[in-house]
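A.B. asks: This is the structure, below, for whatever I ask next.
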Amino acid sequence: MRVAILGTGLIGTSIGLAARGWLDAEVAGHDPDPSALVAAAGRGAVEPAGSLEGAAAAADLAFVCAPVAAIPGAAAAALEAGARVVTDAGSVKAGIVAAVEELAGGGAGRFMGGHPMTGSERSGPAGAAAGLIDGAAWALTPTDRTDPAALASVEDAVRRMGAVPVTLSPDRHDRLVGLVSHLPQVASTALMSTVASSADETAPLLAAGGLRDLTRLAASSPELWVDILLANREAVAEAIEGYGDRLRSLAAMLQAGDAEGLTEAFARAKDARLGLAARPQSRVGLAILTVPIPDRPGSLAEITGALAHRSVNIEDLEIVHSAEGARGTAHVTVGEADAEAAVQALTSSGHEAARLA
């Protein structure tokens, strides 16, 4: 199988690593930023191509992992270059899908809008890992013009890389991610800004695990998120209004001394939070790393040994097995203060490691 990665940032490089590891694919990559392409190649995610067209020409499947505004043009160019099926990793779908269908004309049937629901506050190839894909939901947004074979091709690749394909319309995708992905970024940013602008400069010095957990997303790339939020402005604005209503309701209960109402609101939220399936969540003061486990004897011992060598204590360890054969991913919980040292220890020992939470 031949795969093209068009855009070698965090997500593109992670997909490249997963495609090489789990699809056993030949992976060509291109990025308009030469340093990003060199870094992704250095991670073993891609073989560099001199142009987008060169990477896409012989691809069975091309992943466009560019900034939102650049995706339609890149996807149309990849289709024109001869990629059999093209998909993308954009965080907003309706505008992208419509633009690709307009630009690509008759080739639009071979485009399958996509969005892997994964990531990190880190950016660039250095933060990438195949494990970021494993277990993640992967939204796919076909339209009436989508060739069913294109949908089937992307679904198969997504499953084999360990992700879970979720099919829905582009408009529904944008409304839902506005709520569950884009609103958390806004809330995290607003909370950090509120604390940082406090008239009492001592406030940030008292920050403990709760504030750090809730504001982790505020460390994300401003340029990236401004583009995403503007591209989904209506859905995000609606989500912010709904969130504001909840906050105002809580404020009214506080002012009224309504202990019963507050207890009920907190209990409902707790039940909803405990009902979240999916991937592990970090507790206060802890961080979770995702580490693909190579299919060979002693692999787990290598991981734990690398951490022990750096005196990093393992607080918890979970092995997640894939349905696609004898492979798995370790979710390693370490102290928040040890997270970076743990990633460095695992990376230097030849493992792909990334912070999941």
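The values are calculated or read from the model by the stated rules, or taken from the named source; none is laboratory data. Predicted, not measured: the structure shown is a model, and the values here were computed from it. Ideal geometry is used to build each Cβ from the backbone, glycine not excepted, and the neighbour counts take in all protein chains shown. Areas reflect the complete protein model, heavy atoms only, side chains present, ligands, DNA and RNA absent. Shrake-Rupley method; radii C 1.70, N 1.55, O 1.52, S 1.80 Å.
A.B. asks: Quick check on E260: is it open to solvent by 90 Å² or more (accessible area, probe 1.4 Å), part of a helix (DSSP H, G or I) and at pLDDT 90 or above?
C.D. replies: For E260, the condition - open to solvent by 90 Å² or more (accessible area, probe 1.4 Å), part of a helix (DSSP H, G or I) and at pLDDT 90 or above - is met.
A.B. asks: Taking the range 100-117 as the search range and keeping residues that are open to solvent by 30 Å² or more (accessible area, probe 1.4 Å) and at pLDDT 95 or above, which one is nearest to P294 (Cα to Cα)?
C.D. replies: Filtering first and then ranking leaves R110.
A.B. asks: How many residues does the range 60-99 hold that are open to solvent by less than 10 Å² (accessible area, probe 1.4 Å) and in a loop (DSSP other than H, G, I, E, B)?
C.D. replies: Of the residues in that region, 4 qualify.
A.B. asks: To continue, here is another question. What are the pairs, 6+ residues apart or on separate chains, where a residue within the range 222-249 that is touching a residue at least 24 places away in the same chain (Cβ under 8 Å) and in a helix (DSSP H, G or I) has its Cβ under 7 Å from a residue that is among the charged types (D, E, K, R) and open to solvent by less than 80 Å² (accessible area, probe 1.4 Å)?
C.D. replies: Between residues of the range 222-249 that are touching a residue at least 24 places away in the same chain (Cβ under 8 Å) and in a helix (DSSP H, G or I) and residues that are among the charged types (D, E, K, R) and open to solvent by less than 80 Å² (accessible area, probe 1.4 Å), the close pairs are A235/D174.
A.B. asks: Return the residue satisfying two criteria in turn: it lies in the range 27-44 and is of a type in the set (A, V, I, L, M) and more than 15 Å from M1 (Cβ to Cβ), and of such residues it is surrounded by the most Cβ atoms within 10 Å (Cβ to Cβ). Please lay out each step first, then the result.
C.D. replies: Applying the first criterion (of a type in the set (A, V, I, L, M)) to the range 27-44 yields 27-28, 36-41.
Among the residues that remain, those that are also more than 15 Å from M1 (Cβ to Cβ) are: 36-41.
Working: A36: 22, L37: 25, V38: 14, A39: 19, A40: 31, A41: 19.
Taking the candidates together, the pick is A40.
A.B. asks: May I ask you to verify whether A278 is at pLDDT below 85 and under 20 Å from G21 (Cα atoms)?
C.D. replies: Details: at pLDDT below 85: yes; under 20 Å from G21 (Cα atoms): no.
No, not satisfied.
A.B. asks: Would you check if A128 is surrounded by 17 or more Cβ atoms within 10 Å (Cβ to Cβ) and at pLDDT 95 or above? Walk me through how you get there before you give the answer.
C.D. replies: Values: surrounded by 17 or more Cβ atoms within 10 Å (Cβ to Cβ): yes; at pLDDT 95 or above: no.
No: the conditions fail for A128.
A.B. asks: Before we move on, is S120 open to solvent by 20 Å² or more (accessible area, probe 1.4 Å), more than 15 Å from the chain's Cα centre (by Cα), on the phi < 0 side of the Ramachandran plot and among the hydroxyl-bearing types (S, T, Y)? It would help to see each step written out before you state the result.
C.D. replies: Details: open to solvent by 20 Å² or more (accessible area, probe 1.4 Å): yes; more than 15 Å from the chain's Cα centre (by Cα): no; on the phi < 0 side of the Ramachandran plot: yes; among the hydroxyl-bearing types (S, T, Y): yes.
Against the criterion (open to solvent by 20 Å² or more (accessible area, probe 1.4 Å), more than 15 Å from the chain's Cα centre (by Cα), on the phi < 0 side of the Ramachandran plot and among the hydroxyl-bearing types (S, T, Y)), S120 does not qualify.
A.B. asks: On to the next question. Scan the range 144-174 residue by residue and report those that are out of contact with any strand residue (DSSP E or B) (no Cβ under 9 Å at 6 or more places or on another chain) and buried (at least 18 other Cβ atoms within 10 Å of the Cβ).
C.D. replies: Across the range 144-174, the qualifying residues are R160, P170, D174.
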